[in-house]
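All remarks here apply to the structure that follows.
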Amino acid sequence: MQDYQYDGRLIEVTPKGDVAWEFDPPNSRVFDAERLKNGNILVAVTTKLEPKACPAEQLQVNSDQCIKSRVLELDYETKNVVWKYTWYDEYITHHEVHDVDRLANGETAIIDMGNDRAFTVNQQGNITWEWHAENHLEQGTPFYAKHGGDPNPGGEKDWTHMNDIDRLENGNFQISVRNFDAVIEVNPNTNKIVDVIGEPGNHSFLYEQHSPQRLEEWGTILVADSENDRIVEYDTASGQRVWEYGGNDILLWPRDADRLPNGNTLITDSLHNRVFEINEQGDIVWEYKGVDLPYSADRLSVPEESGKTVPGWQLEDRTSNAGDVVGTIRSIEGWASYVFPTWVKLPELLTLVASGLVTLAIVVDLSIYGLSALLEYRG
């Protein structure tokens, strides 16, 4: 699971909640990770660098920083880097590496949010396949004509926010395009989009989702429907919802969910600062709260692209939404975690706001006094 701030880290915890292993790179954000068959750890790391460590071409938009995007394979025992693929980008916000997957052929699939692309590299570091969103999602493309979406603003803007890539059994790649509220399937031989789940702007279906898991045995897809504060499972052929868990009375901006072989679901509840597991009835059977703003979590005993499991129609739904006022308060408390320590809740926020208003009033009063004195002196 990943702690998410500029001091991101990757940790392994026991069922009792004890930290058994940790990788803590300095000044970095850490996102997806997986344990490989050889026992090593593959992890996505984005490190913020000072200008003196940056190539000149990566300081054009923000001269104060650049980032180094890194896909690292670590020896589990020593944490030494045994393989890596890296590149530089402009700045850390919305340019992080959110997902990496080691494929069966030894290549690595990577989502590059900063450049709106998905690609694969081999062990020698050569790009073997590359897909650029600008060629397939912009105005004038078949996708845009049918589904719409936000026009490409160009430059370093957060246009697609692509955050997940998976290789499907048919060889195609499944890509989560968060800002389009859609999960797409791409044929790597033609680079054409052959299937779309969701639709840009249709927030009742998906709303800025993360980390979809395709349950191919059952023809469904499990998605962390982040802005809708829920985990939802759809039939991929019909689009029918077959299972739902959450609502803002239960979850707050979840960003990962994995269906385990026993039918339980592992959920990363980001703004509640917890990872927990529910059974088929929706009851919590395990919970860990030792992280701030976690991004994703995996059960180490389950392969990254797991096989047989249980479909949503065999599970019980559980949803609950608080009223508008309570829901808004919880949302404010959650999003404040991006700026303040996670212990800061509504009372502390109100105190900060009140203090800020008093300070502002003093500054305004002094400014008026100073202006009056100046006018009197000049008069």
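No lab work stands behind these numbers, since they all come straight from the coordinates. None of the values given here were measured: they were computed from a predicted structure. Cβ placement follows ideal geometry from the backbone for every residue including glycine, while neighbour counts extend to all protein chains displayed.
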field: Angstrom value of the Kirkwood radius, inverse mean 1/r, which spans all Cα pairs in the range 45-188
entry: 16.2
message: From the gyration tensor of the Cα coordinates in the range 1-60, what semi-axes in whole Å does the equivalent ellipsoid have, largest first, with each one equal to sqrt(5λ)?
response: 29, 13, 8
task: Considering Cα pairs under 8 angstrom that are at least six residues apart, work out the relative contact order of the range 52-210 and quote it in whole percent.
output: 13
- prompt: Does anyone have the angle between helix 346-378 and the longest principal axis of the chain? Alpha-carbon axes, 0 to 90°, nearest 10?
  reply: 40
message: If the reach is capped at under 28 angstrom between alpha carbons, list the lysines near LYS192, excluding any in the same chain fewer than eight residues apart.
response: LYS146, LYS157
task: Name the shape class, rounded, prolate or oblate, that the alpha-carbon gyration tensor gives for the range 264-318, where a ≥ b ≥ c are the square roots of its eigenvalues, rounded holds for a/c under 1.5, and otherwise prolate holds if a/b is larger than b/c and oblate otherwise.
output: oblate
Two-site label geometry, GLU216 and ASP195: point separation in nm, points 7 Å out along Cα→Cβ: 1.0
task: Could you go through the range 141-153 in sequence order and give the Karplus-derived ³J(HN,Hα) for each residue, using 6.51 cos²θ - 1.76 cosθ + 1.60 with θ = phi - 60°, rounded to whole Hz, and x for Gly and Pro?
output: 8, x, 4, 5, 5, 8, 10, x, x, 7, x, 6, x
field: For the range 111-270, convex hull of alpha carbons as volume per residue, Å³
entry: 131
- request: Quick one: what are the phi-derived ³J(HN,Hα) couplings along the range 186-196, Karplus 6.51/-1.76/1.60 with θ = phi - 60°, whole Hz, x for glycine and proline?
  value: 10, 7, x, 6, 10, 6, 7, 7, 9, 7, 9
statement: Output for the range 151-189: GluC sites (Glu not before Pro) sitting in coil per DSSP, at most 13 other Cβ within 10 Å, listed by number, reads GLU169
query: P(r) of the range 1-111 in 10 Å steps, Cα pairs, percent per bin?
result: 14, 44, 30, 10, 1
Rh (Kirkwood; distinct C-alpha pairs) - the range 226-315, Å: 13.4
- line: A student applying the Cα gyration tensor rule (rounded when a/c is under 1.5; otherwise prolate if a/b is larger than b/c, oblate if not) would label the range 159-232 oblate
- prompt: So, in nm, how far is label ALA322 from label GLU57 when the simple model puts each one 7 Å beyond its Cα toward the Cβ?
  reply: 4.8
Percent RCO, i.e. relative contact order, over the chain, from Cα pairs under 8 Å lying at least 6 residues apart: 9
- line: The percentage of Cα-Cα pairs in the range 193-270 separated by more than 22 Å is 17
field: Contact order normalised by residue count of the range 1-111, Cα under 8 Å, 6+ apart, percent
entry: 20
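Given the Cα atoms of the chain, and with Rh set as the inverse mean 1/r over their pairs in the Kirkwood sense, what is Rg to Rh to two decimals?
Reported Rg/Rh, Kirkwood definition of Rh: 1.02.
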query: Where does helix 324-335 land angle-wise versus the long Cα axis of the chain, in degrees 0 to 90, nearest 10?
result: 90
- prompt: When the Karplus curve 6.51 cos²θ - 1.76 cosθ + 1.60 is applied with θ = phi - 60°, which whole-Hz ³J(HN,Hα) does each residue of the range 232-247 get, with x for Gly and Pro?
  reply: 9, 10, 10, 6, 6, 7, 9, x, 6, 6, 10, 6, 8, 9, x, x
task: Subtracting the Cα-Cα distance from 0.36 nm times the residue separation, let me have the gained length for GLN281 to SER331 in nm, one decimal.
output: 15.4 nm
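From the square roots a ≥ b ≥ c of the eigenvalues of the alpha-carbon gyration tensor of the range 70-127, which class results: rounded (a/c under 1.5), prolate (a/b over b/c), or oblate?
Values: a/c = 2.11, a/b = 1.35, b/c = 1.56.
Cα axes put the range 70-127 in the oblate bin.
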field: Separation of alpha-carbon centers, the range 206-276 and the range 107-148, rounded to whole Å
entry: 24
